[in-house]
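Undergrad: Structure incoming, see below.
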Amino acid sequence: MEESKQEQEIISKQEDKPVIAQSSPKQVRFAISAFYFMQGVCFASWASRIPTFKALMDLNDAELGSILFALPAGQIITMFFSAKLTTHFGSKKMLRATAPLYAIALTFLALATTGWQLAVFLVFFGITGNLCNIALNTQGVAGENYYGKPIMSSFHGAWSIGNLTGALIALGLVNLKLGMYTHFWIIALISLTNVALNWKKLLNYNKPDTVMEKTKFFTMPQGILVLLGVIAFCSMATEGTMFDWSAIYFEDVVKLPHNKAIIGYASFMFMMASGRFLGVYLIGKFGRKNLLQISGAIISIGMALAVIFPNLIVAIFGFMLIGLGVSSIVPMVYSIAGNNKKVPAGKAITMVSSIGYFAFLFGPPLIGYVSQLSSLRYSFGIISVFGLLITFLVIKIKAIN
C-alpha cells in the first residue's frame with residue numbers, strides 16, 4: 001500500500017494544518033493502524049480467492065489477466081476527484097464513509113457468476129478501495145505528525161500484517177469448505193465493527209480554508225526522478241504480480257491442491273510485512289543505496305528459484321525472498337525523492353509515484369497475456385529481470401546515501 005499522487009496533493013495542503021484530537025496519541029495510532037490492518041485483510045480476502053474465481057468461471061490466463069485490469073481501472077476512475085473529496089470533507093469523514101463501502105464491495109465479488117460480472121464488481125471494488133486508501137494515507141500522515149515520531153512505516157506494516165492475516169483466514173476457510181459469499185461477509189462484518197469502534201478516535205482536520213490548487217494529472221519527471229520512478233515501477237510490478245498471481249502459480253506450476261495454494265501468497269506477505277517492520281534497522285545498517293541494490297538482487301534470486309525449481313519448499317523460500325526484497329524499496333525511493341534538493345518534496349514524490357503506479361495497472365494483466373502465449377513460469381521469469389534492473393539503476397544514481 002503506497003502513497004499516490006492524490007495523497008501527496010492532500011498532504012501538501014493539510015499536513016501543517018491544526019487538528020482537533022479527542023484521543024491520546026497512542027489511541028490515535030492504534031485506531032489508524034486498525035484501519036490499515038482491515039484494509040489489508042479485505043484486499044487479501046479477494047487476492048487469495050483469485051484461483052477459486054479462475055476455476056469456477058473456467059478462465060484461461062489471458063481472460064483472467066483482462067479481468068484483473070478492472071480493479072485498477074476502478075482506481076483510475078476516482079483519481080480525478082478522490083483527492084478533492086478528501087480535502088473537502090476531511091480524511092476522518094471519508095474513512096467513516098468509504099471503509100464500510102470497501103467492505104461491502106468485497107461481498108459483491110462473490111455474487112459474480114461470469115467474467116464480465118466479476119469485472120464490473122472489481123471496478124466498484126477499485127473505486128471504493130482508492131477512496132479509502134487516499135483518505136487513510138492522509139490520516140496516517142496526520143497521525144504521524146500528532147504522534148511526534150516517524151511511525152508511517154508501522155502503518156504500512158499494519159496493512160501488510162492485515163494482508164497476511166487475510167490470507168491465513170482464507171486458507172482456513174477454504175479448507176473448511178466455506179463458500180466465498182460467507183467468507184467475504186465475515187470479513188465485511190469485522191471491518192464494519194472496526195469502523196464502529198475506532199472511527200471516533202481518528203484525527204479531525206479543521207475545515208480547509210483554501211481551495212486546493214489545480215495540478216496536472218501527470219508531470220514529466222526529470223533526471224534522477226526518472227530513474228527512481230523506474231525503480232518504483234519494477235518493485236510495484238513485482239508486488240502486483242505476487243498479489244494477483246502467486247496463489248495461481250502454486251496451483252498451476254507448483255501443483256499444490258486448490259485448498260492449499262494460498263500458501264504461496266501467505267509466504268510472500270509474511271516476509272513483506274517482516275521486512276517493513278525491519279526497514280528502519282536495515283537502512284541504518286546498510287544505507288539506502290546498498291539496501292536497494294541488495295533488495296533488487298534478492299527479488300531476482302527469489303523469483304529465479306521459484307521458476308527454476310518449482311517444488312513446494314524451494315518455491316515457498318523463493319516467494320519469501322521476493323517479499324523481503326520488495327518490502328522496503330518503494331518507501332526508500334519515496335524518501336530519496338522527497339529529499340531531492342532541486343524539486344519540492346511533494347512534487348518529487350508525485351512524479352516518482354506517477355511512474356510507479358502504472359506498474360499496478362499493466363503488470364498483472366501482462367502476466368496473464370504472456371502466460372497464455374507461453375507459460376506462467378516464463379511470465380514469472382520475466383519479472384525476475386525487474387530485480388536485476390533495480391540493482392543496475394541504483395548503481396547509476398550517485399545521490400543516494
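The values are calculated or read from the model by the stated rules, or taken from the named source; none is laboratory data. Bear in mind that the values here come from a model prediction, so they are computed numbers and not experimental data. All Cβ positions, glycine included, derive from the backbone under ideal geometry; neighbour counts span all protein chains shown. When the accessible area is computed, the model is the full protein with side chains, heavy atoms only, and any ligands, DNA or RNA have been set aside. Shrake-Rupley method; radii C 1.70, N 1.55, O 1.52, S 1.80 Å.
Undergrad: Find, among the chymotrypsin sites (Phe, Trp or Tyr not before Pro) in the stretch 71-164, those assigned to loop by DSSP (not H, G, I, E, B) with at most 15 other beta-carbon atoms within 10 angstrom.
TA: Phe80, Phe81
Undergrad: A follow-up question, please. What are the DSSP H helices in the chain that stretch 18 Å or more along their long axis, judged by alpha-carbon atoms, and whose average Kyte-Doolittle hydropathy comes to at least 1.0?
TA: The answer, listed by residue number, is 180-198, 224-252, 262-286, 288-308, 312-326, 345-373, 376-396.
Undergrad: Choose one of Ala158, Thr113, Gln75: the residue whose Cα lies farthest towards the positive end of the charge dipole of the stretch 14-168 (beta-carbon charges +1 Lys, Arg; -1 Asp, Glu; about the Cα centre).
TA: Ala158
Undergrad: Further, regarding this structure: If you place +1 on the Cβ of every Lys and Arg, -1 on the Cβ of every Asp and Glu, and leave all else neutral, what size is the dipole of the chain about its Cα centre, to the nearest 20 Debye?
TA: Rounded to the nearest 20 debye, it is 1040 debye.
Undergrad: Considering only protein heavy atoms and a 1.4 Å probe, what is the carbon-and-sulfur percentage of the accessible area of the chain?
TA: 68 percent
Undergrad: What's the longest uninterrupted piece of the chain once you rule out the trypsin sites (Lys or Arg not before Pro) that are loop residues per DSSP with at most 14 other Cβ within 10 Å?
TA: 1-176
Undergrad: Given that compact globular proteins tend to follow 2.2 N^0.38 Å, what is the ratio of the alpha-carbon Rg of the stretch 67-147 to that value?
TA: 1.18
Undergrad: Using volume of the Cα convex hull per residue in Å³ as the read-out, say which of (1) 174; (2) 123; (3) 142 was calculated from these coordinates.
TA: Identified label for the calculated read-out: (2).
Undergrad: Counting helices only, and only those DSSP H runs with n ≥ 4, report the 222 nm mean residue ellipticity of the chain as the sum of -39,500 (n - 2.57) divided by its residues, in deg cm²/dmol to the nearest 500.
TA: Mean residue ellipticity, 222 nm, calculated: -26000 deg cm²/dmol.
Undergrad: Projected onto the charge dipole of the chain (+1 at Lys/Arg Cβ, -1 at Asp/Glu Cβ, origin at the Cα centre), which of Gly143, Pro331, Gly240 gives the Cα projection farthest towards the positive end?
TA: Going by the Cα projections, it comes out as Gly143.
Undergrad: Among Tyr36, Ile395, Leu202, whose Cα sits farthest toward the positive end of the charge dipole of the chain (+1 at Cβ of Lys/Arg, -1 at Cβ of Asp/Glu, about the Cα centre)?
TA: Leu202
Undergrad: Something else: Taking only protein heavy atoms into account and a 1.4 Å probe, give the accessible area per residue of the chain in Å².
TA: Per residue, the chain has 41 Å² of solvent-accessible surface.
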